[in-house]
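Engineer: After the structure tokens below, expect a handful of questions from me.
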Amino acid sequence: MKLLRIGNLGKEKPVVLDKDGKYRDLTSHVEDLNPNSLNFETFSKIKSLDLLSLPEIPKSERIGSCISRPGKFIAIGLNFSDHAAETGAKPPTEPIMFMKATSSICGPNDNIEIVSGSKKLDWEVELGVIIGKDAKHISERESQDHILGYCLVNDVSEREWQIEKMGQWVKGKSHDTFGPVGPYLVTKDEIKDINNLNMSLDLNGNRMQTGNTNTMIFNVDVIVSYVSKFMSLQAGDIITTGTPPGVGMGMKPQKFLKEDDELKLKIDNLGEQNSKVVAI
């Protein structure tokens with residue numbers, strides 16, 4: 001299934017795509033796509049519904065993030081060897097974990113804010129993993145039992161704040177709108193091979209990033225198991241799994257986002273994001 005949230009900010013409705021790609025309103029069955037409903041039991045009930053009997057919603061409405069109020073927004077850094085190389089870093093021997101504030105999450109087509117004085121705003125197309133069952137100290141072979149689905153994420157990053165300011169990466173990763181998520185939450189049965197998805201990002205119509213999940217250093221099963229050894233995972237948590245080469249920081253000369261820039265992100269079967277950079 002492909003699920004999403006439609007409507008004005010703070011008033012989104014849960015929606016499912018029917019076989020013809022039409023938006024069908026789920027509010028009579030699910031209050032929202034939040035940690036209370038993001039589990040295998042609820043999704044099994046949704047799958048059993050006659051989708052064509054549900055009210056249709058116009059596609060002209062805003063698309064919100066595909067998850068409301070996740071408990072955690074966890075990220076993995078330098079998870080593509082060629083991306084690590086372009087940043088001048090050695091490929092890690094175990095996953096590099098950091099957090100993004102959940103308040104950074106926004107819709108896939110919402111504007112991305114650039115703050116006055118920001119000089120190094122950057123982009124990162126990434127595969128997001130959505131947890132559907134509590135996980136704690138699980139093995140790699142158990143990971144799929146806890147993964148509900150996948151989504152498209154832009155790990156927007158302000159590199160000066162991330163690297164040049166003292167402290168952890170979280171500062172450069174967490175401003176409002178630095179986490180576009182969606183459009184879809186795609187259940188894992190819809191993905192033939194999660195380890196072979198094409199990924200791309202265009203800036204103002206020019207290709208910046210091209211990659212495939214088959215070049216990840218640590219695959220999703222390794223990542224979910226690894227993270228669960230340091231913190232418990234709950235339904236609705238998002239883990240974004242790293243970006244392929246082509247970020248602005250890695251270019252020579254470096255290239256960063258500016259006001260009115262437009263981004264288009266894609267991952268096979270997970271949909272597309274279209275964002276504009278606006279000054280605040």
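Engineer: For residue 210 and residue 269, calculate 0.36 nm times their separation in residues minus their Cα-Cα distance, and state this gained length in nm to one decimal.
Structural biologist: Fully extending the segment from residue 210 to residue 269 adds 19.7 nm.
Engineer: If one computes the Cα centroid of the range 57-134 and of the range 209-280, what distance in Å separates the two points?
Structural biologist: 5
Engineer: Further question: Once you order the gyration tensor axes a ≥ b ≥ c over the Cα atoms, which shape class does the range 2-57 get: rounded for a/c under 1.5, otherwise prolate or oblate by comparing a/b with b/c?
Structural biologist: Here the range 2-57 falls in the oblate category.
Engineer: Report, in deg cm²/dmol and to the nearest 500, the calculated mean residue ellipticity at 222 nm for the chain, where each DSSP H run with n ≥ 4 adds -39500 (n - 2.57) and the sum is divided by the residue count.
Structural biologist: Roughly -2500 deg cm²/dmol at 222 nm, from the helical runs in the chain.
Engineer: I've got another one for you. Rank the residues 175, 137 as a footprinting-exposure proxy: fewest other Cβ atoms within 10 Å of their Cβ go first.
Structural biologist: Neighbour counts put them in this order, fewest first: 137, 175.
Engineer: Mind listing the long-range amide H neighbours of residue 261? Cut-off is under 5 Å, sequence gap 5 or more, other chains count too, H placed in the peptide plane at 1.01 Å from N.
Structural biologist: 277
Engineer: Still on this structure, please answer the following. Within a Cβ distance under 13 Å of residue 1, other residues only, what is the Lys/Arg minus Asp/Glu net charge? If you can, show how the numbers build up before the last one.
Structural biologist: Details: positive: 2, 19, 24, 45, 47, 188; negative: 18, 189, 190.
Every neighbour counted, the sum reads +3.
Engineer: Let me ask you something else. Please report the relative contact order for the range 141-216, taking Cα pairs under 8 Å with a sequence separation of at least 6, and give it as a percent rounded to a whole number.
Structural biologist: Averaging sequence separation for qualifying contacts and normalising by length gives 26 percent for the range 141-216.
Engineer: I'd like the trypsin sites (Lys or Arg not before Pro) in the range 46-109 restricted to DSSP loop residues with at most 12 other Cβ atoms within 10 Å, sorted by number.
Structural biologist: Taking the range 46-109 and a limit of 12 other Cβ atoms within 10 Å, the loop trypsin sites (Lys or Arg not before Pro) found are 59.
Engineer: State the answer as a single residue: which of 144, 166, 91 lies farthest towards the positive end of the charge dipole of the chain, with beta carbon charges of +1 for Lys and Arg and -1 for Asp and Glu, about the Cα centre.
Structural biologist: Farthest towards the positive end: 166.
Engineer: Taking the Cα centre of the chain as origin, work out the dipole magnitude from +1 charges on Lys and Arg Cβ and -1 charges on Asp and Glu Cβ, in debye rounded to 20.
Structural biologist: Result for the chain is approximately 280 debye, rounded to the nearest 20.
Engineer: Which entries in the list 19/192; 59/276; 72/266; 59/173; 171/192; 100/192 go over 26 Å, if you measure between the two C-alpha atoms of each?
Structural biologist: Details: 19/192 18 Å; 59/276 20 Å; 72/266 23 Å; 59/173 31 Å; 171/192 36 Å; 100/192 29 Å.
Over 26 Å apart, Cα to Cα: 59/173; 171/192; 100/192.
Engineer: Oh, and also: Any idea what log10 I(q)/I(0) is at q = 0.17 Å⁻¹ for the range 73-279, Debye with uniform C-alpha scatterers and no solvent?
Structural biologist: -1.16
Engineer: I would also like to ask the following. Rounded to the nearest 0.05, what FRET efficiency do residue 116 and residue 170 have when you use their Cβ-Cβ distance and R0 = 25 Å?
Structural biologist: Numbers: r = 21 Å, r/R0 = 0.84.
With R0 = 25 Å, the Cβ-Cβ based efficiency is 0.75.
Engineer: Rounded, prolate or oblate for the range 1-150? Axes are the square roots of the Cα gyration tensor eigenvalues, ordered a ≥ b ≥ c, and the cut-off for rounded is a/c under 1.5.
Structural biologist: Taking the square roots of the gyration eigenvalues as a ≥ b ≥ c, the range 1-150 is oblate.
FYI, it's all coordinate maths here, none of it is from the lab. Keep in mind the model is a prediction, meaning the values are calculated, not measured. Positions of Cβ are backbone-derived with ideal geometry, glycine not excepted, and every protein chain shown enters the neighbour counts.
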